[in-house]
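Worksheet for the structure shown next.
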């Protein structure tokens with residue numbers, strides 16, 4: 001089955017469907033690649049949300065009748081990622097208790113006078129959530145500024 005999956009066939013199918021957007025295309029309007037290659041690639045594209053396919057259940061299995069490209073499929077074809085790239089902003093939220101615990105843990109492990117560390121821990125424990133967020137952002141910025149091998153570190157973390 002894997003040998004039937006073909007990126008150039010998938011691209012051709014997506015482009016053919018994009019040319020007919022927002023209408024659906026019947027199989028007679030799409031390129032035929034022989035055998036069940038078109039059906040296999042349409043099923044694959046459908047599983048990834050790039051197309052929708054209407055299927056007909058026959059004695060031999062299911063056969064595609066019509067297909068249409070989705071907004072996700074159109075975005076996939078564009079060089080800039082389309083609206084999906086603009087709207088797909090990811091927001092990372094850290095609970096204030098998580099930030100508080102991380103700061104306290106780092107203070108406890110740091111070298112320094114115990115009385116000063118105890119004062120810092122007490123202050124961190126009483127900080128409101130918005131102040132913790134500000135401390136976290138300032139700390140992250142300072143840490144990134146101080147990282148001597150920031151690019152190497154990021155490459156290692158991101159496996160680049």
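When the Cα centres of the range 93-154 and the range 1-59 are compared, how far apart do they sit, in Å?
Using only Cα atoms to place each centre, the spacing works out to 52 Å.
Multiply the residue separation of residue 62 and residue 19 by 0.36 nm, subtract the distance between their alpha-carbon atoms, and state the gained length in nm to one decimal.
Computed gain between residue 62 and residue 19 is 13.0 nm.
First measure r as the distance between the Cβ atoms of residue 130 and residue 110, then evaluate 1/(1 + (r/R0)^6) with R0 = 25 Å and state the FRET efficiency to the nearest 0.05.
Working: r = 24 Å, r/R0 = 0.98.
Efficiency, from the Cβ-Cβ distance: 0.55.
Could you give the length gained by full extension between residue 26 and residue 83, i.e. 0.36 nm per residue of separation minus their alpha carbon distance, to one decimal place? All intermediate terms of the calculation are to be shown ahead of the outcome.
Details: separation 57, 0.36 × 57 = 20.52 nm, distance 2.68 nm.
Result: 17.8 nm gained on full extension.
Which peptide among 44-54, 112-122 comes first, and what is the full order, when sorted by highest mean count of other Cβ atoms within 10 Å? Each step should come with its number before you reach the end.
Details: 44-54: 17.0, 112-122: 11.5.
Those peptides, ordered most packed to least, come out 44-54, 112-122.
Helix 129-146 versus the longest principal axis of the chain: what is the Cα-based angle in degrees, 0 to 90, to the nearest 10?
On a 0 to 90 degree scale, this one is about 90.
Treating the angle as unsigned and between 0 and 90°, give the value, to the nearest 10°, between the Cα long axis of helix 114-126 and the longest Cα principal axis of the chain.
50 degrees
Put one equal scatterer on each alpha carbon of the range 2-87, apply the Debye formula with no solvent term, and list log10 I(q)/I(0) at q = 0.22 1/Å to two decimals.
-1.05
Of [x] 52; [y] 48; [z] 70, which one was derived for percent of Cα pairs over 19 Å apart from the structure shown?
Only one listed value fits the structure, namely [z].
So for the chain, averaging the separation of alpha carbon pairs under 8 Å that are six or more residues apart and normalising by length, what relative contact order in percent results?
Numbers: 130 pairs, mean separation 25.4, N = 160.
Relative contact order comes out at 16 percent.
What's the FRET efficiency of residue 97 with residue 47 using the Cβ-Cβ distance as r and R₀ = 45 Å, to the nearest 0.05? Walk me through the numbers on the way to the answer.
Values: r = 39 Å, r/R0 = 0.86.
Working from the Cβ atoms, E equals 0.70.
What value, in deg cm²/dmol to 500, does the helix sum -39500 (n - 2.57) over DSSP H runs of n ≥ 4 give at 222 nm once divided by the residues of the chain?
For the chain, the value works out to -17500 deg cm²/dmol.
Quick note: the coordinates plus some simple rules give every number you see, no bench work behind them. All figures in this text were calculated on a predicted structure; none of them were measured in a lab. Glycine also receives a Cβ, built like all others from the backbone with ideal geometry; neighbour counts cover every protein chain displayed.
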